[in-house]
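Peer 1: Please see the structure below; I have some questions.
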Amino acid sequence: MPKLSVIVPFFNVRQYAPDTLRSLRANARPDFEFVLVDDHSEDETPALLERAAEDLADLAQVRYIRHDKNGGIATARNTGLDAARGEYLAFLDGDDWLAPGYLSGLVAAIEELGCDFVRTDHVRVTDRARSVRRVPVGLRDEVLNPRDAILPADRTTSVDYVSVWAGAYHRRLLERGLLHFTEGLHTAEDRPWTWKLHREAESFAVINLLGVFYRRGVASSLTRIGDARQLDFVRAFDQIIEETAADRDADRLLPKAVRQYCAIMAHHLAEEDKFEPAVARRLRAMSAAALHRMPQDTLDDVLGSMDMDRSARLRRLRRRTGTARGAA
């Protein structure tokens, strides 16, 4: 069994994949496994991955898998999880990269702490600018209860830190069904995944290890495109609300889930001009329906605690739709 499996999905990242692959080489060990998943790229990415798989095979264990159709990031990661054999698992995206030796430090830390998973800070890269993004947990190198890191509802917490590639996860989480992503989600796939992990895992720690470089502003990223696939956030958050409502601590946790849903919804509504008109209409209609599906007492409390701009935007949408339903 490999000590660590790193799952790396790729899709049309010919420009950036060489940096990613070089960083894997700089982290390679004979007991590490790199699972390279091409999600049916239409550029030269597959040829790059074929050559890289041969090149890396002298330094680490390598598996190269190519999808016969594009399924999205969640499906590609699931393919990697199904193929991975490691005692520990980690993720990397095909346009990001790692500092040399980062993976060895990651494994050493999670082995020493003995917890279900560890999270790390990361470096956000936008053109030539770099900034550190930190896990919103003050205690470092100490084993904690993941459930305790979900709250408070009105502050940034661990379920807001959805960088799944900034950390490592013990295989027992995979065997418990906690590491697979919701199939078919093209965006926001990390949201229900992070919530499930924090509700159901038993232990985690935040470690002082910096070595993941997240490339922001990639032209092909869905976050930069007014694409209907961005509306997958509704499906993702509906799942969070449903699962959290069934949790033993639903009364405590639902305000956080609803507030997060509202914040993401308001963000997309504020930027609806980037969508084609038909997609923008779908965004408004889906958001309005989602507001009416939420637990209404909790929603009232959340809207009352949000800033005026976001609260007003959501109240108008909720009220307009409610009036139209009443008239009908």
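Since every read-out is calculated from the coordinates, none of them should be taken as a lab result. Quick caveat: nothing in here was measured; it's all calculated off a predicted structure. No Cβ is skipped: glycine too gets one built from the backbone with ideal geometry, and neighbour counts run over all protein chains shown.
Peer 1: Using modelled backbone amide H atoms (1.01 Å from N, in-plane), which distant-in-sequence or interchain residues come within less than 5 Å of residue 27's amide H?
Peer 2: 101
Peer 1: Would you please name the trypsin sites (Lys or Arg not before Pro) within the range 155-253 that are DSSP coil residues with at most 12 other C-beta atoms within 10 Å of their C-beta?
Peer 2: Values: sites: 155, 171, 172, 176, 196, 199, 215, 216, 224, 229, 235, 248, 252; in loops: 155, 176, 216, 248.
Those satisfying the criteria are 155, 248.
Peer 1: Kindly put 110, 65, 7 in sequence by how many other C-beta atoms sit within 10 Å of each C-beta, fewest to most. Show your work: numbers first, answer last.
Peer 2: Numbers: 110 24, 65 17, 7 28.
Neighbour counts put them in this order, fewest first: 65, 110, 7.
Peer 1: Separate question: Which entry in (i) 139; (ii) 182; (iii) 148 is this structure's computed volume of the Cα convex hull per residue in Å³?
Peer 2: Only one option fits the structure, namely (i).
Peer 1: How far is the Cα center of the range 35-79 from the Cα center of the range 230-274, in Å?
Peer 2: 32
Peer 1: In what sequence, highest mean first, do 134-145, 47-58 appear when ranked by Cβ atoms within 10 angstrom?
Peer 2: Details: 134-145: 13.7, 47-58: 15.4.
Going by the mean number of other Cβ atoms within 10 Å, highest first, we get 47-58, 134-145.
Peer 1: Could I ask something else about it? Taking θ as phi - 60°, what are the ³J(HN,Hα) couplings along the range 10-17 by the Karplus curve (6.51, -1.76, 1.60), each to the nearest whole Hz, with x for Gly and Pro?
Peer 2: 10, 8, 6, 10, 3, 5, 10, 4
Peer 1: What shape does the range 225-327 take by its C-alpha gyration tensor, where a ≥ b ≥ c are the square roots of the eigenvalues and a/c under 1.5 counts as rounded, a/b above b/c as prolate, and the rest as oblate? Kindly include the intermediate steps, with their values, before the conclusion.
Peer 2: On the way: a/c = 1.73, a/b = 1.38, b/c = 1.25.
In terms of gyration-tensor shape, prolate.
Peer 1: Counting DSSP beta bridges with both partners in the range 115-238, what percentage is antiparallel, nearest 5?
Peer 2: Restricted to the range 115-238, the bridges split so that about 55 percent are antiparallel.
Peer 1: Could you list which residues have their amide H under 5 Å from that of residue 141, counting only those 5 or more apart in sequence or on another chain, with H placed in the peptide plane?
Peer 2: 206, 207, 208
Peer 1: Tell me which of 241, 275, 302 sits at the most positive position along the dipole axis of the range 225-327, charges placed on C-beta atoms (Lys, Arg +1; Asp, Glu -1).
Peer 2: Farthest along the dipole direction, towards plus: 275.
Peer 1: From the helices alone, meaning DSSP H stretches of at least four residues, give me the mean residue ellipticity at 222 nm for the chain, per-run term -39500 (n - 2.57), in deg cm²/dmol to the nearest 500.
Peer 2: The helix-only estimate for the chain comes to -13500 deg cm²/dmol at 222 nm.
Peer 1: Taking 51 Å as R0, compute the FRET efficiency from the Cβ-Cβ separation of residue 248 and residue 216 and round it to 0.05. Walk me through the intermediate numbers first.
Peer 2: On the way: r = 37 Å, r/R0 = 0.73.
Taking R0 as 51 Å, the efficiency between residue 248 and residue 216 is 0.85.
Peer 1: Calculate how steeply helix 296-305 sits against the longest principal axis of the alpha-carbon atoms of the chain, using the helix alpha-carbon long axis, and give the answer as 0 to 90 degrees to the nearest 10.
Peer 2: Between the helix axis and the principal axis of the chain, the angle is about 80 degrees.
Peer 1: Give, in nm to one decimal, the length gained when the segment between residue 82 and residue 130 is fully stretched (0.36 nm per residue of separation minus the Cα-Cα distance).
Peer 2: On the way: separation 48, 0.36 × 48 = 17.28 nm, distance 3.39 nm.
Result: 13.9 nm gained on full extension.
Peer 1: At a Cα cut-off below 22 Å, give the lysines reachable from residue 274, other chains included and same-chain residues fewer than 8 away excluded.
Peer 2: Candidates past the 8-residue exclusion: nothing left.
Peer 1: Moving to a separate point now. Grab the beta carbon distance between residue 312 and residue 202, set R0 = 51 Å, and tell me the FRET efficiency rounded to 0.05.
Peer 2: Working: r = 41 Å, r/R0 = 0.81.
With R0 = 51 Å, the Cβ-Cβ based efficiency is 0.80.
Peer 1: Then there's this: For the chain, what does the relative contact order come out to in percent, with C-alpha contacts under 8 Å and a separation of six or more?
Peer 2: Values: 582 pairs, mean separation 55.1, N = 328.
Contact order relative to length: 17 percent.
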